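Student: First, the structure itself, so that you have it in front of you.
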Amino acid sequence: MRRVKKGAMTDNFAGFRQDSFDFFADLAANNNTAWFKANRDRYDQHVLGAFRGLLVALEPFLMKLDPHFETAGKTNRNFSRINRDIRFSKDKSPYKSNYYLYLFDSRYERGDRGRFYVGLSADCVTAGFSIYAGAVFNRRQSEGPPPQSALESVFRKRVASQHKLFDGLLEDIVRKGRYETYWHRLEKGDWAQHPGLPRQDEDWQTLQAWIVRKVILPTSRGVQTPAFAKQVERIFADLYPLYVFTSMEGPGWQKELKRRF
């Protein structure tokens, strides 16, 4: 279990203020190193600082939900990078247009299991659950065959063997309209996105990413206040049964699901 390093993060989460959204709006118009260096203090305070404060606020809840969740606050673990990897991209802009906090089982790599996340861009905050296939998430094909992710080793098998249980989860969590969902699959060499839930059973066996989320606008109630951390907690609590079903191995997963669902 990895805990938040005290003193390394802002202790107080003030919400995602307008300054947080404005930073990414301005970055879109000035995506270059000189501008970013001149505005580094804005990034540190309104993006990185806000996310660090959010992680501190969420940690007690996360430890009660699952004491194995990663909360150490490291880049490439809990936090995404703002710098883009432009080595293999046609887009050579140096900085990303969004930033993410990820919560996942600390005993694995970030892409090995399902995870919760909070994302920030110029237009909105997103909060939800996602799971990816290892071949897509972990590495490029030139690096050799990737290890199987839980999507491949747990989720696909469980959907087939526990179809009725899974359908009940979907009905309660997704189909009632409380969350939006979409999925991805490689089709003819392209990364194709499909809105909604897969319509055929075989789609669950071939999809390579599945996302369930809420989209929160800058003007939404509470997003610019400390109370937004509680809203994120409620979202994660709602979606935790999906995390258990898709990613938790061992004989105790059904007991844990019953405890939460």
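The values are calculated or read from the model by the stated rules, or taken from the named source; none is laboratory data. Quick caveat: nothing in here was measured; it's all calculated off a predicted structure. Backbone-built Cβ (ideal geometry, glycine too); neighbour counts: all protein chains shown. For the accessible areas, the whole protein counts, side chains as well, though only heavy atoms, and no ligand, DNA or RNA atoms are used. Shrake-Rupley method; radii C 1.70, N 1.55, O 1.52, S 1.80 Å.
Student: State all residues of region 171-181 that are open to solvent by 40 Å² or more (accessible area, probe 1.4 Å) and at negative phi; if no residue qualifies, say none. Let's see the steps before the verdict.
Tutor: Filtering region 171-181 for residues open to solvent by 40 Å² or more (accessible area, probe 1.4 Å) gives 171-172, 175-178, 180.
171, 172, 175, 176, 178, 180 - these are the residues of region 171-181 that are open to solvent by 40 Å² or more (accessible area, probe 1.4 Å) and at negative phi.
Student: What's the total number of residues in region 21-54 that are open to solvent by less than 20 Å² (accessible area, probe 1.4 Å) and either of a type in the set (Gly, Ala, Ser) or at positive phi (or both)? Break it down into steps so the answer makes sense when it comes.
Tutor: Quick first cut of region 21-54, residues open to solvent by less than 20 Å² (accessible area, probe 1.4 Å) only: 21, 23-24, 27, 36, 43, 47, 49-51, 53-54.
Within this subset, residues satisfying the condition of being either of a type in the set (Gly, Ala, Ser) or at positive phi (or both) are 49-50, 53.
Residues meeting the conditions: 3.
Student: Still on this structure, I have one more. Kindly indicate whether any position in region 133-141 is within 28 Å of residue 36 (Cβ to Cβ), at pLDDT 95 or above, open to solvent by 10 Å² or more (accessible area, probe 1.4 Å) and not aromatic (Phe, Trp, Tyr).
Tutor: Looking through region 133-141, none of the residues is within 28 Å of residue 36 (Cβ to Cβ), at pLDDT 95 or above, open to solvent by 10 Å² or more (accessible area, probe 1.4 Å) and not aromatic (Phe, Trp, Tyr).
Student: Would you pick out the residues in region 1-20 that are modelled with pLDDT of 95 or more and either open to solvent by less than 70 Å² (accessible area, probe 1.4 Å) or not in a loop (DSSP other than H, G, I, E, B) (or both)? Spell out how you get there, then give the answer.
Tutor: To start, the set of residues in region 1-20 that are modelled with pLDDT of 95 or more comprises 13-20.
Passing the criteria: 13, 14, 15, 16, 18, 19, 20.
Student: Shifting gears a bit: Filter region 22-78 for residues that are free of Cβ contacts under 8 Å to residues at least 12 places away in the same chain, closer than 24 Å to residue 227 by Cβ and under 16 Å from the mean Cα position of the chain (by Cα) and give the result.
Tutor: Answer for region 22-78, where residues must be free of Cβ contacts under 8 Å to residues at least 12 places away in the same chain, closer than 24 Å to residue 227 by Cβ and under 16 Å from the mean Cα position of the chain (by Cα): there is none.
Student: To continue, here is another question. Taking region 217-261, which residues are β-branched (Val, Ile, Thr), free of Cβ contacts under 8 Å to residues at least 60 places away in the same chain and in contact with a Leu (Cβ under 9 Å, 6 or more places away or on another chain)?
Tutor: Taking region 217-261 and keeping what is β-branched (Val, Ile, Thr), we get 219, 223, 225, 232, 235, 244, 246.
From what is left, the residues that are free of Cβ contacts under 8 Å to residues at least 60 places away in the same chain are 219, 244.
Listed by number, the list holds a single entry, 244.
Quick grid of which residues meet (1) under 24 Å from residue 45 (Cα atoms); (2) surrounded by 14 or more Cβ atoms within 10 Å (Cβ to Cβ):
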residue	(1), (2)
56	yes, yes
67	no, no
81	yes, no
98	yes, yes
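Student: Hey, among the residues in region 207-257 that are in contact with a strand residue (DSSP E or B) (Cβ under 7 Å, 6 or more places away or on another chain) and part of a loop (DSSP other than H, G, I, E, B), which one's most open to solvent (accessible area, probe 1.4 Å)?
Tutor: Result: 208.
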